[in-house]
Amino acid sequence: MQLRNGDEAEADISAALTDSDTKAHSDDNNSSEQERTSPVAKAFHSGIGLRMLLFVILFSFGTTLILTILQLYFDYRRDAHAIEERLNEIGHSNLDVIATSLWSIDDTQLRTILSGLLRLPDIQALEVTEEIEHASTLVILAGEKQKHPAISRDYPIIYTMNGLTQRIGTLHVEATLDNVYRRLIDTAIVIMTNQAIRIFLVALFILFLFYRLVARHLTAISESLGQYKGPDSPFALSLPRRPPKYPDELDSMVDAFNGMGTRLRQAYGELKEANRRMVADIAARHLAEQEVIRLNAVLENRVRQRTIELEAANEELAAFAYSVSHDLRAPLRRIEGFGQILAKEYVNTLDEHGRHYVTRMCAGAEDMAEMIDSFLKLSRSTSGALFVEHLDLSAMAAEIIARLQEKSPDRQVTVTVEAGLTVDGDRRLFGGVLQNLLENAWKYTRKTENPIISFGAVRKGEQSCFFVRDNGTGFDMAYAKRLFAPFVRLHRPEDFEGTGIGLTTVQRVIVRHGGRVWAEAEAGAGATFYFTCWDDGGTGAEK
């Protein structure tokens, strides 16, 4: 990994920023040169100005169209109502005169009356029909009747003579809406023309205001930003106008840009400092990595050397234990043999003190032989390879209990062995663990009434463990730390036999199987020994 100093990294950052800003500035200059024809053209061709002009025109046109439709509707209602009123006026004001002329069968007078009514606005046709039974029915028509008239009314012609009222005919009146439609069309044309002119003028004025108040200042801001050279160059954005009495949105935007430039320069300075520190930190880390590699190499050499020394020491210890056990057995057998000869052949020659001494000498020889055997077992538990297989601890414990009961058939002990307890381990070593723990439980319940021994599994916290429990003599937990030390016993030899090697052997075997062993007890209330196996989750197979 090649490291660069802080100045080179800062130069790269500045060069990248400068290249980016130069490219943006050149693009802005090209676009500004293409649009620098006239302010009006620039405002018109700008996207915001053109969109605003279109929006103003569309909104104004839509509003004008809606208002025009409403006005035409109300004008139509007014004209139609006027025609209705005119027809009602004809029916009320002229029926008496028409009735008199029809009764007198004065068709000339009737035609004159109808011609006069036909001159009224929007009246299209009038017809008088006689309903008196004569040889021929009198029908007088003025105007042209339509097959489907727009508005029509039929008025009965009533004539009263000598107090007798009778219907002598019908007045049919038709009105047209053509004139109304023409007036409405003319009104719509006038309104739309006036509004179009007004909308166009207002839109141009708004566009001019937009250019004067907004567009040219936005252009000035974009040009100033295009000339920005990077955090190292001074930057102060301003608008080409006199400062207003009250700041507006553009002033707020300028202040925001200037504040952003200030913060950007500060951030750039902090970035340069952080980059300098990062370069120094990388260099320090590189040196630290090299030192760690060197120390790891030294540590590996030391571990390798200590491993070789430990293996040599273990081999020497195993050889020493084997040599001691075999070298001690020969003189021990001689002492034991001569002691037995003295006890058998010279029993009458020796006095009571002599016989006592010989007995003590034989007992000491037996204890020494037992200690040598225990020492050999302890040595074997910490040496040699593990042959791991799947073990049925319940069956192994049952076999050990059966042998203990065969040796002491007179004892009545309640033994409980939980079924289905299995583990991966060395059969020889785990057999020694169960042998020591169960023999201790069998031994220390010797003086207990109704002795009980249990072997099973229980969960302690988040971990499952095996246990051997008894209700025998127990011990004081104040001496628990000395419990697994070699040749240490918590009870007097005359009370309970033993060499003090069994629990030490148990601890070493359990440790070799990746577990731990501990005890909980109370003096006079029994003891419980717990042990685990492969606490690290391994399978226990040695490679």
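The values are calculated or read from the model by the stated rules, or taken from the named source; none is laboratory data. Note that the coordinates shown come from a computational prediction; the quantities given were computed from them, not determined experimentally. Positions of Cβ are backbone-derived with ideal geometry, glycine not excepted, and every protein chain shown enters the neighbour counts.
Of all residues in segment 342-352, those that are part of a helix (DSSP H, G or I) and loosely packed, with under 11 Cβ neighbours inside 10 Å total 3. If you go through segment 265-313 one residue at a time, how many are in contact (Cβ under 8 Å) with a residue 12 or more places away in the chain and of a type in the set (Ser, Thr, Tyr)? Counting residues in segment 265-313 that are in contact (Cβ under 8 Å) with a residue 12 or more places away in the chain and of a type in the set (Ser, Thr, Tyr) gives 1. When THR219 is tested against (1) touching a residue at least 60 places away in the same chain (Cβ under 8 Å); (2) in a helix (DSSP H, G or I); (3) touching a Leu at 6+ places or on another chain (Cβ under 7 Å); (4) not charged (D, E, K, R), exactly one condition is not met: (3).
Given the conditions (1) in the same structural domain as LEU65 (by TED's automatic domain parsing); (2) touching a Ser or Thr at 6+ places or on another chain (Cβ under 6 Å), and given that LEU237 satisfies all but one, which numbered condition is not satisfied? Every listed condition holds for LEU237 apart from (1).
Considering only residues that are among the β-branched types (Val, Ile, Thr) and within 11 Å of TYR530 (Cβ to Cβ), look in segment 426-473 and name the one that is farthest from the chain's Cα centre (by Cα).
VAL468
Pick out the one residue from ALA41, ALA80 that is assigned to a helix (DSSP H, G or I), assigned by TED's automatic domain parsing to the domain that holds ARG198 and at pLDDT below 85. Write out each step before concluding.
Numbers: ALA80 fails: at pLDDT below 85.
Answer to the check: ALA41.
Has segment 427-440 got at least one residue that is assigned by TED's automatic domain parsing to the domain that holds GLY524, in contact with a Gly (Cβ under 7 Å, 6 or more places away or on another chain), closer than 14 Å to THR473 by Cα and not in a strand (DSSP E or B)? Before the answer, list the steps.
Filtering segment 427-440 down to residues assigned by TED's automatic domain parsing to the domain that holds GLY524 leaves 427-440.
Then drop every residue that is not in contact with a Gly (Cβ under 7 Å, 6 or more places away or on another chain), which leaves 436, 440.
Adding the requirement that they be closer than 14 Å to THR473 by Cα leaves 440.
When the remaining residues are screened for being not in a strand (DSSP E or B), the result is 440.
Yes, because at least one residue in segment 427-440 is assigned by TED's automatic domain parsing to the domain that holds GLY524, in contact with a Gly (Cβ under 7 Å, 6 or more places away or on another chain), closer than 14 Å to THR473 by Cα and not in a strand (DSSP E or B).
Pick out the one residue from THR170, THR187 that is among the polar types (S, T, N, Q), within 30 Å of SER60 (Cβ to Cβ) and outside any loop (DSSP other than H, G, I, E, B). Can you show your working first?
Working: THR170 fails: within 30 Å of SER60 (Cβ to Cβ).
Only one candidate qualifies: THR187.
Across segment 149-164, a minimum of one residue is classified as modelled with pLDDT under 85, farther than 30 Å from PHE74 by Cβ, of a type in the set (A, V, I, L, M) and assigned to a strand (DSSP E or B).
For segment 513-528, which positions are part of a strand (DSSP E or B) and under 48 Å from the mean Cα position of the chain (by Cα)? Steps first, please.
In the first step, residues of segment 513-528 are kept if they are part of a strand (DSSP E or B); the result is 517-521, 527-528.
VAL517, TRP518, ALA519, GLU520, listed by residue number.
State yes or no: is VAL128 in contact (Cβ under 8 Å) with a residue 12 or more places away in the chain, assigned by TED's automatic domain parsing to the domain that holds THR64, β-branched (Val, Ile, Thr) and surrounded by 14 or more Cβ atoms within 10 Å (Cβ to Cβ)? Working first, answer last.
Working: in contact (Cβ under 8 Å) with a residue 12 or more places away in the chain: yes; assigned by TED's automatic domain parsing to the domain that holds THR64: yes; β-branched (Val, Ile, Thr): yes; surrounded by 14 or more Cβ atoms within 10 Å (Cβ to Cβ): yes.
When the stated conditions are applied, VAL128 passes them.
Out of ASP107, ASP122, report the one residue that is more than 60 Å from the chain's Cα centre (by Cα) and in contact (Cβ under 8 Å) with a residue 40 or more places away in the chain. Testing whether each residue is more than 60 Å from the chain's Cα centre (by Cα) and in contact (Cβ under 8 Å) with a residue 40 or more places away in the chain leaves just ASP122.
Specify the residue that is farthest from LEU177 (Cα to Cα); the eligible residues are those in segment 49-87 that are among the polar types (S, T, N, Q) and touching a residue at least 12 places away in the same chain (Cβ under 8 Å).
Among residues in segment 49-87 that are among the polar types (S, T, N, Q) and touching a residue at least 12 places away in the same chain (Cβ under 8 Å), the one farthest from LEU177 (Cα to Cα) is SER60.
The C-beta contact set for segment 192-215 (first residue closer than 16 Å to THR63 by Cβ, second residue aromatic (Phe, Trp, Tyr), distance under 7 angstrom, 6+ apart or interchain) comprises ILE199/PHE61. Taking the criterion of being surrounded by 15 or more Cβ atoms within 10 Å (Cβ to Cβ) and farther than 20 Å from LEU65 by Cβ, the residues of segment 171-185 that qualify are LEU171, HIS172, VAL173, GLU174, ALA175, THR176, LEU177, VAL180.
Candidates ALA203, ALA188: the one that is out of contact with any strand residue (DSSP E or B) (no Cβ under 8 Å at 6 or more places or on another chain) and under 22 Å from ILE69 (Cα atoms) is ALA188. Using beta carbons and a limit of 7 Å, which pairs, at least six apart or on different chains, have the first residue in segment 344-367 and more than 21 Å from PRO331 (Cβ to Cβ) and the second one surrounded by 12 or more Cβ atoms within 10 Å (Cβ to Cβ) and among the aliphatic types (A, V, I, L, M)? Close Cβ pairs satisfying both conditions: LEU350/VAL358.
Go through segment 106-128 and give me each residue that's under 14 Å from GLU174 (Cα atoms) and not charged (D, E, K, R). Please lay out each step first, then the result.
Of segment 106-128, the ones under 14 Å from GLU174 (Cα atoms) are 114-115, 117-128.
Within segment 106-128, LEU114, SER115, LEU117, LEU118, LEU120, PRO121, ILE123, GLN124, ALA125, LEU126, VAL128 meet the criteria.
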